[in-house]
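Engineer: Below you will find the structure I want to go over with you.
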């Protein structure tokens, strides 16, 4: 049996998951191990595709979710999902939501989770009145 490697139209060997589309663009298909969804990324040339592939593989090694829909998740949406799963008394839940609406919803809540940094929290705390910072 002869083992034939897949090649692009320039004769370069393609790795597992890499394909060249009929329009000449390159595609890398992979399965996100956390969500179980099959995803694809596209690039005009093989070099940039392999850079994207390295980043995706690093994210998967670090157990980060690579699904595009999850990357659009905001802090507000994450908080709402969390509150839906918490089994706490209704009054406590209302207090949490009230404080979230008052302090976080229009400030830190609109930031995407993947873009959230420690500096956002530091800036938020420095903007609070002094009496809240001493707690």
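Values in this text are rule-based calculations from the coordinates and carry no lab data. As the structure is a prediction and not an experimental result, all values here were calculated from the model. All Cβ positions, even for glycine, are placed from backbone atoms using ideal geometry, and neighbour counts span all protein chains on display.
Engineer: Give me the angle, in degrees from 0 to 90, between the Cα long axis of helix 90-99 and the longest principal axis of the Cα atoms of the chain, rounded to the nearest 10.
Structural biologist: The answer is roughly 80 degrees.
Engineer: With the Cα gyration tensor of the stretch 72-133 in hand, convert its eigenvalues to equivalent ellipsoid semi-axes via √(5λ) and list them largest first in whole Å.
Structural biologist: Its equivalent ellipsoid spans semi-axes of 21, 17, 8 Å.
Engineer: Here's another thing I want to ask about it. So which residue, out of 29, 12, 103, gets the largest mean-square fluctuation from a GNM of the chain using Cα contacts under 10 Å as springs?
Structural biologist: Between 29, 12, 103, it is 12 that shows the largest mean-square fluctuation.
Engineer: Contact order normalised by length for the chain, with contacts defined as Cα pairs under 8 Å and 6 or more residues apart; what percent is it?
Structural biologist: After rounding, I find 14 percent.
Engineer: Which angle between 0 and 90 degrees, to the nearest 10, do you get for helix 46-61 versus the longest principal axis of the chain when only C-alpha atoms count?
Structural biologist: 50 degrees
Engineer: Multiply the residue gap between residue 23 and residue 48 by 0.36 nm, knock off their C-alpha separation, and tell me the result in nm, one decimal place.
Structural biologist: Answer, rounded to one decimal: 7.3 nm.
Engineer: Starting from a Cα-only point model with no solvent, please compute log10 I(q)/I(0) by Debye for the stretch 23-98 at q = 0.14, 0.21, 0.25 1/Å.
Structural biologist: Normalising to I(0) and taking log10 leaves -0.61, -0.95, -1.13.
Engineer: To make sure I understand, if each residue's beta carbon is the centre and we count other beta carbons within 10 Å, what order do 18, 51 fall in, fewest to most?
Structural biologist: 51, 18
Engineer: Right, something else. Got a sec? How would 53, 27 order by Cβ neighbour count within 10 Å, fewest to most?
Structural biologist: Ordered by Cβ neighbours within 10 Å, fewest first: 27, 53.
Engineer: Please compute the Kirkwood hydrodynamic radius over the stretch 18-66, one decimal place, Å, based on all pairs of different Cα atoms.
Structural biologist: 11.1 Å
Engineer: I've got another one for you. Only helical DSSP H runs with n ≥ 4 go in: add -39500 (n - 2.57) per run for the chain, normalise by residue count and round the 222 nm mean residue ellipticity to 500 deg cm²/dmol.
Structural biologist: -11500 deg cm²/dmol
Engineer: Also: Could you tell me, in Å, what Rg and Dmax come out for the Cα atoms of the chain?
Structural biologist: Rg then Dmax for the chain, in Å: 22.2, 76.
Engineer: Return one number: the angle in degrees, 0 to 90 and rounded to the nearest 10, between the long axis of the Cα atoms of helix 118-127 and the longest principal axis of the Cα atoms of the chain.
Structural biologist: Approximately 20 degrees, to the nearest ten.
Engineer: Still on this structure: May I ask you to compute the full-extension gain from residue 31 to residue 7, defined as 0.36 nm times their residue separation minus their alpha-carbon distance, rounded to one decimal in nm?
Structural biologist: Net length gain for the segment: 6.4 nm.
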